[in-house]
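Enquirer: The structure is given below, and queries will be raised subsequently.
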Amino acid sequence: MVKVLRSIVCGPLESHAPGFAVELLRQGYSRSGADQHVCFIAHLDRWMLAEGVGLNGLDTSMLRRYLEERRVAGYREYLSMKALVPLLGYLSPLGVLPVEEPAVLGPVEELLACYRRYLLVERGLRVGTVRGYLDNVRPFVATRLRGSMLELAGISAGDVTGFVSSACLGRAVGSAKLIVCALRSLLRWLHLTGQLPVPLAAAVPAVAGWKLSNLPEALEPCQLDRLLASCDRRTPTGRRDYAVMLLLSRLGLRAGEAARLGLDDIDWRRGEITVIGKGNRGERLPLPADVGKAIAAYLRRGRPASAEGRNVFVRVHAPRGALTTGGITMIVFAAAARAGLGKMHAHRLRHTAATAMLRAGSPLPEVGQVLRHRSVLSTAIYAKVDRDALSVLARPWPTAIPDGVS
C-alpha cells in the first residue's frame, strides 16, 4: 500500500503510482490536477484488484469494460479512453502492458492503408491532409465491396459520377471540391498500380464553383486593433494569443503553419523566420519588429518552462505540448468573440495581411511571395480589394442626354 498525493494505491498499480505522479508534475500539471488524475488511477487500481486483473491483462477491451462500469456506477468525469492517455503514455515505455495483436484489417481498410502509404511517401502529403483524403474516398471504396473482396476492375464512369452526385448533394462548394479532388487522386493511384485497367480520373465531374468569384473578407484596421486589444498581455495566455494573431495578421501565415513554427525556425540575428508550408516547403520571410517583439515577450514571460518539444506556441494547460491547428483557430475564434466581431476563423487574418500589403502599395507579385502562393491566380483574387488600382479602370457613369440630341 502506498499513499500518492492524497490517494491510496494498493493494487497492481501500486509500484507505478509514485512515478506516474512525478511525471504528471513534470509535464506541468498543477498539484490539484495531478491529484485528480491519481485519484482516478486509484479507482482503476481498486477495480483491477477486485476483478483480479493484473497489468498483463490491461488491454484495450479490459479498459473499455472498466470505463463502462464506471459510467454505470454514476461517475461524471474520466469516462473515456482519453482519460487514460496519461497513464498509458507513462506505462507503455516500461513494457508492463500486454502486447496487443494488430487488428485484422478488412479489404476496404487494407486498400486504404496502401493508398495512405502512397500519399505519405510518394506524394509527401501531411498526415492531416492524408486523413482527409481517406475520409472522403472511404465511402466510394466501400461501394465496391463484394462479400470479403473488393471488385475494382469493373468500376465504370457511371459508378464514379453516380457516387459524386450523391456524395456532394447538399454540401458546400469547398467540401464538394475536396471529395472530387480525393476521388481523382484515388482513381489515378488505382490505375497506376494496375488495380483499375481504365484511367477514370477524368470521369470525375467538376464542381460548379468559379475562381475569383468571392471577395476576400479582411478586417478593417480598427477591427484588427480591437481583436488584438482583446488579449490581456499581463497574462501568459494573453501574451501567447497576441503573438499568434499578430503573426497571422502581419505575415499571413496559415493556422497550421503557425502551429508548426519551431524555436529553431526563428533567426533572431537576421530577423527572419522559416515557414514550413504546403508540401513541406520551407520558405524564409522577414520577421517584422512588432511581431518579433511579441514572440520574444511570450517566450520570456509566457511559454512555460515545462513545455514539451521545440514548438514556439504550446498549450496553457498540461500536458503542455504544441498547439494544434485547431488550437490556433480557437485562439482567433475566442478573441473575435471577446472583441464583438462575431464568428471568425484564422484564415481571415491571412486575408487581412494581404489586403493591408496592397493598401500600402505592394504589387500583387510581392503579396504572392509573402503568402507563398504557387500560382499567380491564387493571388489575383486580392486585386478585387485594391480599390485605388480598380478606380482607374472604372468607366464614368453615363450622364443624362440633353433633349434634342440623338
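Enquirer: Answer with yes or no whether residue 212 is modelled with pLDDT of 95 or more and not assigned by TED's automatic domain parsing to the domain that holds residue 260.
Expert: no
Enquirer: Looking at (1) closer than 20 Å to residue 29 by Cα; (2) touching a Lys or Arg at 6+ places or on another chain (Cβ under 9 Å); (3) charged (D, E, K, R), which is the one condition that is false for residue 284?
Expert: (1)
Enquirer: For the list (1) under 20 Å from residue 27 (Cα atoms); (2) over 18 Å from the mean Cα position of the chain (by Cα); (3) buried (at least 18 other Cβ atoms within 10 Å of the Cβ), I need the number of the one condition that residue 250 fails.
Expert: (1)
Enquirer: Go through the residues of region 34-42 one by one and say whether even a single one is among the acidic types (Asp, Glu) and under 20 Å from residue 93 (Cβ atoms).
Expert: No: region 34-42 contains no residue that is among the acidic types (Asp, Glu) and under 20 Å from residue 93 (Cβ atoms).
Enquirer: Only residues that are among the polar types (S, T, N, Q) and closer than 14 Å to residue 195 by Cβ: list them for region 148-172, please.
Expert: Hits for region 148-172: nothing passes.
Enquirer: For region 245-267, does any single residue satisfy the condition of being farther than 18 Å from residue 309 by Cα and in contact with a Cys (Cβ under 9 Å, 6 or more places away or on another chain)?
Expert: The answer is yes, given that some residue of region 245-267 is farther than 18 Å from residue 309 by Cα and in contact with a Cys (Cβ under 9 Å, 6 or more places away or on another chain).
Enquirer: Specify the residue that is nearest to residue 79 (Cα to Cα); the eligible residues are those in region 19-40 that are out of contact with any Ser or Thr (no Cβ under 7 Å at 6 or more places or on another chain) and among the charged types (D, E, K, R).
Expert: My answer is 35.
Enquirer: Could you please let me know if residue 267 is out of contact with any Lys or Arg (no Cβ under 6 Å at 6 or more places or on another chain), touching a residue at least 40 places away in the same chain (Cβ under 8 Å) and within 18 Å of residue 299 (Cβ to Cβ)?
Expert: no
Enquirer: Another one. Could you tell me which numbered condition residue 90 fails, if it satisfies all but one of (1) touching an Asp or Glu at 6+ places or on another chain (Cβ under 9 Å); (2) of a type in the set (Ser, Thr, Tyr); (3) touching a residue at least 40 places away in the same chain (Cβ under 8 Å); (4) outside the structural domain of residue 28 (by TED's automatic domain parsing)?
Expert: Here residue 90 meets the rest and fails (4).
Enquirer: Right, something else. Give the residues of region 253-278 that are over 30 Å from residue 339 (Cα atoms), under 15 Å from the mean Cα position of the chain (by Cα) and of a type in the set (Gly, Ala, Ser), sorted by residue number.
Expert: Result: no residue meets the conditions.
Enquirer: Also: Looking at region 125-179, which of its residues are of a type in the set (A, V, I, L, M), touching a residue at least 24 places away in the same chain (Cβ under 8 Å) and surrounded by fewer than 12 Cβ atoms within 10 Å (Cβ to Cβ)?
Expert: 149
Enquirer: If residue 28 satisfies every condition in (1) surrounded by 12 or more Cβ atoms within 10 Å (Cβ to Cβ); (2) assigned to a helix (DSSP H, G or I); (3) within 31 Å of the chain's Cα centre (by Cα) but one, which is the exception?
Expert: Evaluating residue 28 over (1) surrounded by 12 or more Cβ atoms within 10 Å (Cβ to Cβ); (2) assigned to a helix (DSSP H, G or I); (3) within 31 Å of the chain's Cα centre (by Cα) leaves (2) as the failure.
Enquirer: Filter region 117-148 down to residues that are within 19 Å of residue 159 (Cα to Cα) and more than 18 Å from the chain's Cα centre (by Cα), then give me how many there are.
Expert: Total satisfying the criteria: 11.
Enquirer: Could I ask something else about it? Here is a list: 224, 190. Which entry is over 18 Å from residue 112 (Cβ atoms), touching a residue at least 24 places away in the same chain (Cβ under 8 Å) and part of a helix (DSSP H, G or I)?
Expert: Matching residue, one of 224, 190: 224.
Enquirer: Helices (runs of 4 or more DSSP H) wholly in region 298-391 with at least 2 residues that are modelled with pLDDT of 85 or more and surrounded by 14 or more Cβ atoms within 10 Å (Cβ to Cβ) - which ones?
Expert: Filter on region 298-391 gives 325-338, 347-359, 364-371.
The values are calculated or read from the model by the stated rules, or taken from the named source; none is laboratory data. All figures in this text were calculated on a predicted structure; none of them were measured in a lab. Neighbour counts are summed over all protein chains in view; Cβ atoms, including those assigned to glycine, are modelled from backbone coordinates with ideal geometry.
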